[in-house]
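Participant: Just dropping this structure here.
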Amino acid sequence: MMLAAADILKANILIVDDQESNVALLEQLLGETGYTGVASTTKPQEVCALHRKNRYDLILLDLQMPVMDGFQVMEGLKTNDADGYLPVIVLTAQPGHKLRALQAGAKDFISKPFDLVEVRTRIHNMLEVRLLYKMLENYSKTLEHMVQERTAELRESEARFRSLTELASDWYWEQDESGNFTKVSGPALEMLGVQVDGLTGKKSSDRASGWNEAERDTLEAMIEARQPFLDFVFSRTGADGSRRKFQVSGEPMFNQSCRFLGYRGIGVELTAKQ
């Protein structure tokens with residue numbers, strides 16, 4: 001994930017200091033460096049409302065101010081539910097305040113009196129991290145939206161598939177990984193006389209009910225090998241000697257982790273169509 005230098009220079013920055021001289025110095029420094037989105041205020045009580053409105057990429061926050069100090073401002077900024085990242089660099093002349101500020105949520109600090117090289121470096125580094133964080137957040141949201149759209153498309157496609165297969169065949173069927181029927185559309189069970197756990201008819205009672213065992217063995221072998229099959233024909237002889245033929249196509253189903261879920265397919269009775 002790449003971040004261009006121009007993107008950093010276009011970042012929204014808010015300077016908060018009750019001393020206008022400090023504000024002017026920082027504005028001049030940032031302007032000379034090439035930053036174009038710089039704003040400022042000498043009223044700390046306005047910061048939370050300004051941030052909710054403008055979503056600053058960085059807030060340079062003085063800690064010692066009247067009416068409302070920097071620690072109180074940071075507590076107020078934490079109530080902004082729209083931003084889980086507190087983009088604050090504190091400005092302080094008190095070494096003892098640095099650790100407390102970091103514990104309060106500040107991401108970095110700049111010491112007073114200002115070292116201009118330090119100010120430029122810390123601001124640049126902080127903005128790079130902040131903007132990469134926002135890019136990652138936006139990417140995650142975009143990816144989530146794409147997944148939702150794709151899931152909806154797949155569900156719609158699945159519905160169309162089932163509708164078309166039901167129209168083009170006598171029955172549509174699905175089986176789970178154990179071979180049990182989980183969905184049957186059309187008179188499949190009645191037509192086939194299948195009162196067993198699976199399509200291949202593994203129960204001994206089914207084996208003796210007139211199915212051609214060689215054909216059913218072939219079908220069973222394909223299913224156990226997780227192979228698709230197309231227009232497979234098998235037959236059954238009834239108690240009265242009549243012979244019925246069926247044609248079935250099926251495909252294995254797998255999840256995203258390649259775990260086998262079962263089979264689905266379509267079938268027709270060929271006897272009535274001959």
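Participant: Once phi is turned into θ = phi - 60°, what whole-Hz ³J(HN,Hα) does the Karplus curve with 6.51, -1.76 and 1.60 give for every residue of the range 241-249, x standing for Gly and Pro?
Facilitator: Per residue, the Karplus-derived 3J(HN,Hα) values read x, 6, 10, 10, 10, 10, 10, 9, 10 Hz.
Participant: Taking the beta-carbon count within 10 Å as an exposure proxy, list Val233, Val248 from fewest neighbours to most.
Facilitator: Val233, Val248
Participant: Give the long-range amide H neighbours of Gly262: residues separated by 5 or more places, or on another chain, with amide H under 5 Å away, using H modelled in the peptide plane at 1.01 Å from N.
Facilitator: Met253
Participant: Just subtract the alpha-carbon distance of Glu153 and Asp108 from 0.36 nm times their residue separation and send over the number in nm, one decimal.
Facilitator: Here the segment from Glu153 to Asp108 would lengthen by 11.6 nm.
Participant: Testing the spin-label approximation: label points 7 Å from Cα along Cα→Cβ at Val233 and Val67. State their distance in nm.
Facilitator: Rounded to a tenth, the inter-label distance reads 9.1 nm.
Participant: State whether the range 99-153 is rounded, prolate or oblate according to the following rule on the C-alpha gyration tensor (a ≥ b ≥ c being the square roots of its eigenvalues): a/c under 1.5 gives rounded; otherwise a/b larger than b/c gives prolate, and the remaining case gives oblate.
Facilitator: Because a/c hits 1.5 or more and a/b fails to exceed b/c, the range 99-153 counts as oblate.
Participant: May I ask you to sort Ser249, Ser178 by Cβ crowding, counting other Cβ atoms within 10 Å and putting the fewest first?
Facilitator: Ser178, Ser249
Participant: At 0.36 nm per residue, and after removing the present C-alpha to C-alpha distance, how many nm does the segment from Thr218 to Tyr139 gain when stretched out fully?
Facilitator: Contour length minus the Cα-Cα distance gives 23.5 nm.
Participant: Please arrange Ser111, Ser257 by how many other C-beta atoms lie within 10 Å of their C-beta, fewest to most.
Facilitator: Fewest-to-most ranking of Ser111, Ser257: Ser257, Ser111.
Participant: To continue, here is another question. Which pairs in the list Lys43/Lys107; Lys98/Lys141; Lys141/Lys183 are over 31 Å apart, alpha-carbon to alpha-carbon?
Facilitator: Lys98/Lys141; Lys141/Lys183
No lab work stands behind these numbers, since they all come straight from the coordinates. As the structure is a computational prediction, the values presented were derived from the model and not from experiment. A quick note on method: Cβ atoms are made from the backbone with ideal geometry, for glycine too, and the neighbour counts reach across all protein chains shown.
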